[in-house]
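Computed from the coordinates by the stated procedures, all read-outs in this text should not be read as laboratory data. Just so it is clear, the structure is predicted and the values come from calculations on it, not from any experiment. Cβ coordinates were reconstructed from backbone atoms using ideal geometry, including for glycine residues, and neighbour counts include every protein chain displayed.
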Amino acid sequence: MVFLGEAPGADEDEQGKPFVGRSGQLVTDIITKGMKLRREDVYIMNILRCRPPQNRNPLPVEAAACREYLDAQLAIIQPKFICCLGTVAAQNLLGVDAAIGTLRGRMIDFEGKRVLCTYHPAYLLRNPSAKRYVWDDIKILMADMGLPVE
Ligand code: URA
C-alpha cells in the first residue's frame, strides 16, 4: 500500500521524510486511527523530490523530471493499492486532467493497481469539514483491501 502526495514541504525537506509536518499528522491519523494500520505498514512518497519555490503547484516539466524516481519506487515496491492525496498526485499518477472531485470516491484500475484518490491533507487543514469525504473514500479503499470497516 502506497500513499502518494505532492512534494516535500519545509518539515519534510529538513527531516528527509515524507509527510512529517502538520499534513503528515493527518496522514498518520488516516493510517493508524482510520485504517488501524501502522505507518511502517505502508509506503509514503511524493510526485516531486523537492518543493517548488513559494510552495506553488508543480509544473508539468517538474513532475516529468521526477517521474523516473516515482516509477522506479513503484517498480520496487509493487504496491497493490495506491492512495493519491490531492489533485497533483492523482492527475500526475493517472495522467489525467480531471478534478479531484470527479476522481475521488471510487476505485480506479491503473496499470494493475487499485487506486483511490482523495483530498490532500493540506486541504483538510483549511477545510476540516471535508474530513468526512476523505473518511468515506478511505472506507471504500479499506473495503477493497479486505480490511474491516466499522
Ligand atoms: N508533505 C509531503 O510529503 N507531501 C505533501 O504533498 C505535503 C506535505
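Which number in (1) within 14 Å of the ligand (Cβ to nearest atom); (2) in contact with a Leu (Cβ under 6 Å, 6 or more places away or on another chain); (3) not in a helix (DSSP H, G or I) marks the one condition that A89 misses?
Evaluating A89 over (1) within 14 Å of the ligand (Cβ to nearest atom); (2) in contact with a Leu (Cβ under 6 Å, 6 or more places away or on another chain); (3) not in a helix (DSSP H, G or I) leaves (3) as the failure.
Quick check: anything in the stretch 102-111 in contact (Cβ under 8 Å) with a residue 24 or more places away in the chain, of a type in the set (D, E, K, R) and either under 16 Å from E6 (Cβ atoms) or buried (at least 21 other Cβ atoms within 10 Å of the Cβ) (or both)? So that I can check it myself, show each step before the final result.
Of all residues in the stretch 102-111, those in contact (Cβ under 8 Å) with a residue 24 or more places away in the chain come to 104-107, 110.
Applying the additional criterion that residues be of a type in the set (D, E, K, R) yields 104, 106.
Keeping just the survivors that are either under 16 Å from E6 (Cβ atoms) or buried (at least 21 other Cβ atoms within 10 Å of the Cβ) (or both) gives 104.
The answer is yes, given that some residue of the stretch 102-111 is in contact (Cβ under 8 Å) with a residue 24 or more places away in the chain, of a type in the set (D, E, K, R) and either under 16 Å from E6 (Cβ atoms) or buried (at least 21 other Cβ atoms within 10 Å of the Cβ) (or both).
Considering (1) under 30 Å from G146 (Cα atoms); (2) free of Cβ contacts under 8 Å to residues at least 60 places away in the same chain; (3) near the ligand (Cβ under 10 Å from one of its atoms); (4) surrounded by 14 or more Cβ atoms within 10 Å (Cβ to Cβ), say which one V42 fails and leave the rest.
(3)
Restricting attention to the stretch 1-23, which residues are of a type in the set (A, V, I, L, M, F, W, C), near the ligand (Cβ under 7 Å from one of its atoms) and farther than 18 Å from I138 by Cα?
If we filter the stretch 1-23 for residues that are of a type in the set (A, V, I, L, M, F, W, C), which is where we start, we get 1-4, 7, 10, 19-20.
Keeping just the survivors that are near the ligand (Cβ under 7 Å from one of its atoms) gives 7, 19.
Matches in the stretch 1-23: A7 only.
Does the stretch 92-101 hold any residues that are surrounded by fewer than 17 Cβ atoms within 10 Å (Cβ to Cβ) and either in contact with a helix residue (DSSP H, G or I) (Cβ under 8 Å, 6 or more places away or on another chain) or in a loop (DSSP other than H, G, I, E, B) (or both), and which are they?
At the first step, the residues of the stretch 92-101 found to be surrounded by fewer than 17 Cβ atoms within 10 Å (Cβ to Cβ) are 95-99, 101.
If the condition is that a residue be surrounded by fewer than 17 Cβ atoms within 10 Å (Cβ to Cβ) and either in contact with a helix residue (DSSP H, G or I) (Cβ under 8 Å, 6 or more places away or on another chain) or in a loop (DSSP other than H, G, I, E, B) (or both), then G95, V96, D97, A98, A99 are the ones that fit.
Tell me the residue from R114, R132 that is touching a residue at least 24 places away in the same chain (Cβ under 8 Å) and more than 16 Å from the ligand (Cβ to nearest atom), please. Explain how you work it out, then say what you get.
Working: R132 fails: touching a residue at least 24 places away in the same chain (Cβ under 8 Å).
It is R114.
Among all residue pairs at least 6 apart or on different chains, which show Cβ distances below 7 Å where the first residue, located in the stretch 64-90, is more than 23 Å from Y119 (Cα to Cα) and the second is hydrophobic (A, V, I, L, M, F, W, C) and within 16 Å of the ligand (Cβ to nearest atom)?
I77/V2
Could you check the stretch 53-86 and list, in sequence order, the residues that are at positive phi and either crowded, with 17+ Cβ neighbours inside 10 Å or within 12 Å of the ligand (Cβ to nearest atom) (or both)? Full working, then the answer.
Start the filter on the stretch 53-86 by keeping residues that are at positive phi, which leaves 54-55, 78, 86.
If the condition is that a residue be at positive phi and either crowded, with 17+ Cβ neighbours inside 10 Å or within 12 Å of the ligand (Cβ to nearest atom) (or both), then N55, G86 are the ones that fit.
Can L37 be described as more than 8 Å from the ligand (Cβ to nearest atom), closer than 18 Å to Y69 by Cβ and among the hydrophobic types (A, V, I, L, M, F, W, C)? First the steps, then the outcome.
Values: more than 8 Å from the ligand (Cβ to nearest atom): yes; closer than 18 Å to Y69 by Cβ: no; among the hydrophobic types (A, V, I, L, M, F, W, C): yes.
Considered against the rule, which asks whether it is more than 8 Å from the ligand (Cβ to nearest atom), closer than 18 Å to Y69 by Cβ and among the hydrophobic types (A, V, I, L, M, F, W, C), L37 comes out as no.
Does I31 qualify as being among the hydrophobic types (A, V, I, L, M, F, W, C), near the ligand (Cβ under 8 Å from one of its atoms) and either in contact (Cβ under 8 Å) with a residue 12 or more places away in the chain or in a loop (DSSP other than H, G, I, E, B) (or both)?
Working: among the hydrophobic types (A, V, I, L, M, F, W, C): yes; near the ligand (Cβ under 8 Å from one of its atoms): no; either in contact (Cβ under 8 Å) with a residue 12 or more places away in the chain or in a loop (DSSP other than H, G, I, E, B) (or both): yes.
Criteria not met by I31.
For the stretch 12-39, how many residues meet the condition of being surrounded by 15 or more Cβ atoms within 10 Å (Cβ to Cβ), over 15 Å from the mean Cα position of the chain (by Cα) and either polar (S, T, N, Q) or within 13 Å of G86 (Cβ to Cβ) (or both)?
The total comes to 0.
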